[in-house]
Amino acid sequence: MPFRELSGKLVEAQVVPGQRLFSQRGAMVGYRGEVTFTPNVQGGQGGLMSMIGRRVAGEATPLMTVEGNGTVMFGHGGHHVEVINLDGDTLCVEADRLLAFDGSLQQGTLFLGRDGGVMGMVRGQVSGQGLFTTTLTGRGSVAVMAHGGILQLPLTPGHPVHVDPQAYVAHFGDVRNKLSSALGWRDMVGRGSGEAFQLELNGSGAVFVQASEEKL
Amino acid sequence: MTSQTPHGSVPQGYQVFDAATLPANDNVNPYAFSVDLDGQWFLQKGKMIAYYGQIDFQGIGHGRLDGLVAGSFHSPLHAADWVVAEGRGKLLLADRAFDINSFDLEDGNLTVRSGNLLAFDPALTLKQSIIPGFLTLIGTGKFVAASNGEVHFVEPPVRVDPQALVGWADCPSPCHHYDHQYMRGVLGGMRAVTGLGGASGEEHQFEFVGAGTVLIQSTETLLADRSTGQVPQQAGVPGDGGSGGAGGPGGQQLPQLPGQLGGLQRRFGL
Amino acid sequence: MAQLRLQGTKVLAATLGGGGDTVKAKNGSMVAYDGEMTFKKLSGGGDGVRGMVTRRLTGEQMTVMEVKGQGTCYFADRASDINLVRLAGEKLHVEASNLLCTDGGLRTGTTFTGLRGASQGNGLFTTSVEGTGWAAVMSDGPAVLLRVTRDTPLQVDPGAYVAHQGDLRRSFQSGVNFRTFMGEGSGESFQVRFEGDGVVYVQPSERNTLGGDV
């Protein structure tokens, strides 16, 4: 069920019996009808092990289940909201950027540290994000938050796009990512241009970037 | 479409305004409002970004304005945060790049979150609402309010997150709604025993029924506001009793007298 | 010459054609790029002794990086709106922290506005940009452009001032008849007055001051 964008910062969703919705806790702005909001003890799907996995991964973003019959408005912190419609694709997104999404989407966690080892660790450190990101797969809509507007950059094979890890929001498609260091040591110690690390994305799909280096 | 000025180019798509072409009592863009001043207006401190003409700003409480204040301003808690602009000219108002809307009241009433109200015509009367943190404007005239994201207008019945509420007009009965199903339910019990699960954050809303309009913004505490009366833990959430840090301890708040630090005090949490 | 264009209102795209194409941008403002780019930190605040003084006083506030390469580089800073100006020889004065990006061929320098600004933590440094090419100026919310003529001077809150061009004199004006009850200043106690002939850019916000968020 799609989200309707009321403004750049508010979305509205229809809730019908039998279909649930997940949203970030505290993101409900208003509602009509009979709708209940239940905190997710499990932290999404997948039971206790998944929850522990998420906690370890630093992805324990509190979600709540939205069920009932009515319309609900979502918004959070005055952040810009972008609705991404998935048609069988997999969206890879940091959990704390998820405002709300269809309950029918399959949730998972992806280990981003493809290179593993030290570089993987460094990536997590640099972006301040976990090594795991949330993946959402299937058909449905996802409302994603960003500071400022969102820029969508298409990815085509052979033309890598480099992204500031702080400005990275989400990506989908068949994409490989690695963290690259653009500078030598001299630049990194105190005299850097502020662009010491970049997330390099290569493949086919698209990456979403926000107009800010501030994390949510 | 770069337009030329005698001094070179200006950014693409921009219009250069001057004292004559600035709108009169209308928005310049979604984030700035131009007041065509000829007389007096009340405005919250620090919201003026520029002006043309001869305009004086006076603190509320200044002797000469006693009559005006007695007639239009009935909120001692907010007196230190407001000034009177007096004179002739064009005055530009803005607030942290939030959306700015002007509202025309015609023999009506509208209640608005205190931090969202930027300015009003002294033809209106300002009073403190009985809901903490809100101010009520009564009468006929124009006022200007800010919101984080566009204001969304909703007709009752609707339940609104307290932090997302900008205000309401003509609604007879704003009241609290608690999600008792959650409180009593299996999850609530489990939370009480294990501490796991937490709250959904949505157990409490403001409920509006009857005829009227409710104004909603994209949410939250980004607009600092001054609670009137008891200071709740969260913006607009009564009954918490604790101190919000800004208003003074123990839910007690003294009226803000002119001469106190006002905005600065609030900003630094003194 | 580098081509600058806006992608929406908050992201700037700079297309560099290789060779000697460069842009100067605020340190750390790159959000993404494709192609090949190198980033090098420059010392900000202009050249010479004045630039040195500026650098010392502003710390890292004004550091600038030089971006060189071939491809498209995207810049953004704290969700600020971006105003793109094409200069054809004239001079633009910008509040130092509001300058996002300039064509590598533009000359930048620093002007001292005077110490009255020091107490407020803003209005202290203005960067001047001169030459032919694109300059990108940031504002918190879309800027409002206000014309100043000989008959209509303009008063601006220092926190809302972004940039100006033309033949303008600036003066600080304090206490516009502030007789408050018990001596409290009333928020707008201090303004910048512009007289002459030109255009002033103001932002619909008073947050972005050089001295920080006060």
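The values are calculated or read from the model by the stated rules, or taken from the named source; none is laboratory data. None of these values were measured; they are calculated from a predicted model. Cβ coordinates were reconstructed from backbone atoms using ideal geometry, including for glycine residues, and neighbour counts include every protein chain displayed.
Looking at C:Arg107, C:Arg116, C:Arg207, can you tell me which residue is modelled with pLDDT under 90 and facing chain B (nearest Cβ under 9 Å)?
On inspection, the qualifying residue turns out to be C:Arg207.
Out of everything in region A:16-56 that is in contact with a helix residue (DSSP H, G or I) (Cβ under 9 Å, 6 or more places away or on another chain) and aliphatic (A, V, I, L, M), what residue ends up being modelled with the lowest pLDDT?
A:Val41
Pairs needed: first member in region C:154-166, facing chain B (nearest Cβ under 8 Å); second member anywhere, of a type in the set (Asp, Glu) and part of a strand (DSSP E or B); C-beta distance under 8 Å; at least 6 residues apart or different chains.
Every condition considered, the pairs that remain are C:Gln165/C:Glu90; C:Gly166/C:Asp197.
In region C:65-87, which residues are surrounded by 22 or more Cβ atoms within 10 Å (Cβ to Cβ), more than 8 Å from every other protein chain (Cβ to nearest Cβ) and of a type in the set (Val, Ile, Thr)?
Of everything in region C:65-87, those that are surrounded by 22 or more Cβ atoms within 10 Å (Cβ to Cβ), more than 8 Å from every other protein chain (Cβ to nearest Cβ) and of a type in the set (Val, Ile, Thr) turn out to be C:Val67, C:Ile82.
Checking B:Thr21 against (1) surrounded by 22 or more Cβ atoms within 10 Å (Cβ to Cβ); (2) over 15 Å from the mean Cα position of the chain (by Cα), only one condition comes out false. Which one?
The failed condition is (1).
From (1) at negative phi; (2) touching a residue at least 40 places away in the same chain (Cβ under 8 Å); (3) in a strand (DSSP E or B), pick out the condition that doesn't hold for B:Ile138.
(2)
Out of everything in region B:44-81 that is at pLDDT 85 or above and under 16 Å from the mean Cα position of the chain (by Cα), what residue ends up being nearest to the other protein chains (Cβ to nearest Cβ)?
So the residue we want is B:Met48.
Against the condition at pLDDT 90 or above and either part of a loop (DSSP other than H, G, I, E, B) or more than 9 Å from chain C (Cβ to nearest Cβ) (or both), how does B:Val112 come out, does it pass?
Yes: the conditions hold for B:Val112.
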